[in-house]
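Data first, discussion second: the structure below is written as structure tokens.
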Amino acid sequence: MTTHEFPADTARRAPRTPSPRPAERTARVDLTGKTAFVSGAAGGIGRACALRLADAGASVRLADVDADALGALADRGVGEPVVLDLTDLDAAEEAARGCDIVVNNAGVQTVSPVQDFPPERFSFILRLMVESPFRLVRGALPHMYGRGWGRIVNISSVHGLRASAYKSAYVTAKHGLEGFSKVVALEGAPHGVTSNCVNPGYVRTALVEKQIADQAAAHGIPEERVVSEVLLARTPLKRLIEPEEVAELVAYLCGDDASYINGASLPVDGAWSAS
Ligand SMILES: NC(=O)c1ccc[n+]([C@@H]2O[C@H](COP(=O)([O-])OP(=O)(O)OC[C@H]3O[C@@H](n4cnc5c(N)ncnc54)[C@H](O)[C@@H]3O)[C@@H](O)[C@H]2O)c1
């Protein structure tokens with residue numbers, strides 16, 4: 001069994017593709033006056049979302065266990081740090097009260113065959129990646145309903161739509177999040193609240209960098225080959241996704257142009273899920 005919660009200096013050697021300039025991508029999303037809660041905001045996709053939503057004018061609550069990284073973001077004026085273990089479910093629900101936008105992002109990975117998967121780890125992953133989003137949304141919805149406007153964006157995964165071997169807890173959690181998102185979409189619609197999932201393939205973050213290092217060691221091959229031949233074996237576009245690309249879709253879903261996108265699951269996966 002391997003767990004994936006810590007960064008490793010690996011995937012950055014995979015080829016990079018230039019992304020569009022932010023000014024060209026961001027002009028139309030104005031979140032001035034909105035308060036956004038981003039879980040797992042200290043790194044990876046959550047950090048990119050926090051930066052992007054702040055850039056659109058939102059006041060951002062940056063929730064994570066990593067106090068130092070949150071402090072660095074707050075020092076840049078990105079938002080207000082909320083140092084919190086999101087598996088403390090009562091605290092999570094309280095922390096999201098009064099928010100107009102919730103981005104359910106925090107997540108971890110564990111790779112193990114089912115028969116060896118530690119039961120307590122399986123429970124932890126469901127608590128962090130399904131129960132905590134439920135409690136964050138539960139805390140935020142009364143405010144959203146009161147204002148007649150709200151946005152829930154759930155950072156799911158291709159693994160919310162497809163399975164991979166040895167990722168039982170993660171795939172289970174993401175499929176659960178997909179179901180929860182759709183229920184919130186139905187209940188929220190009459191109140192101006194949308195709920196959607198974003199489904200990335202492999203994104204260049206600590207979570208994936210650790211998997212690349214582990215797979216390189218397990219297969220005895222260079223990390224570049226792990227990216228192209230193992231991680232991206234089912235993906236026609238042979239590159240990792242940048243966190244900012246995911247954040248851009250999240251920002252769009254939070255804007256008024258996306259008010260009719262509800263209950264959807266939107267792949268950002270280079271056509272993996274089309275295969
Ligand atoms: N990286 C990918 O390829 C990829 C692909 C699809 C979906 N996702 C999803 O995107 C989300 C973010 O992934 P990432 O790659 O940016 O991961 P990451 O490891 O870079 O960041 C995750 C963040 O969550 C925080 N976190 C973890 N447990 C926490 C807890 N108990 N309480 C509070 N904060 C906690 C970590 O401190 C970290 O800052 C996850 O839900 C993941 O499943 C990632």
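No value in this document is a laboratory result; all are computed from the given coordinates. These numbers come from a predicted model, not from an experiment. Here Cβ is always computed from backbone atoms with ideal geometry, including for glycine, and neighbour counts include all displayed protein chains.
Could you please state, rounded to a whole Å, how far the C-alpha centre of region 189-215 is from the C-alpha centre of region 224-275?
A separation of 8 Å, based on Cα centres.
With r as the distance between the Cβ atoms of SER275 and ARG121 and R0 = 25 Å, compute the FRET efficiency 1/(1 + (r/R0)^6) and round to 0.05.
For R0 = 25 Å, the calculated efficiency reads 0.25.
Please figure out what share of the DSSP beta bridges in the chain is antiparallel and state it in percent, rounded to the nearest 5. Spell out each step's value before the answer.
Values: 3 of 31 bridges.
Given both bridge residues lie in the chain, the antiparallel proportion sits at roughly 10 percent.
Mind checking which of GLY148, GLY46, GLY139 has the largest fluctuation in a GNM of the chain, springs on alpha carbons under 10 Å?
In the Gaussian network model the winner is GLY148.
Which FRET efficiency value, to the nearest 0.05, do you get for HIS219 and ASP68 by plugging their Cβ-Cβ distance into 1/(1 + (r/R0)^6) with R0 = 35 Å?
Efficiency computed from Cβ-Cβ geometry: 0.55.
If I model a spin label at ARG147 and GLU187 as a point 7 Å from the Cα along the Cα→Cβ vector, what separation in nanometres do I get?
So the label points at ARG147 and GLU187 sit 1.9 nm apart.
Can you pull the Kirkwood radius for the chain, inverse mean 1/r over Cα pairs, to one decimal in Å?
Details: mean 1/r = 0.0535 Å⁻¹.
Answer for the chain: a Kirkwood hydrodynamic radius of 18.7 Å.
Under the rule of -39500 (n - 2.57) per DSSP H run of 4 or more residues, summed and divided by the residues of the chain, what mean residue ellipticity at 222 nm is obtained, to the nearest 500 deg cm²/dmol?
One gets -11500 deg cm²/dmol as the mean residue ellipticity at 222 nm.
Can you tell me the order of 225-236, 149-160 when each peptide is scored by its average per-residue count of other Cβ atoms within 10 angstrom, highest first?
Going by the mean number of other Cβ atoms within 10 Å, highest first, we get 149-160, 225-236.
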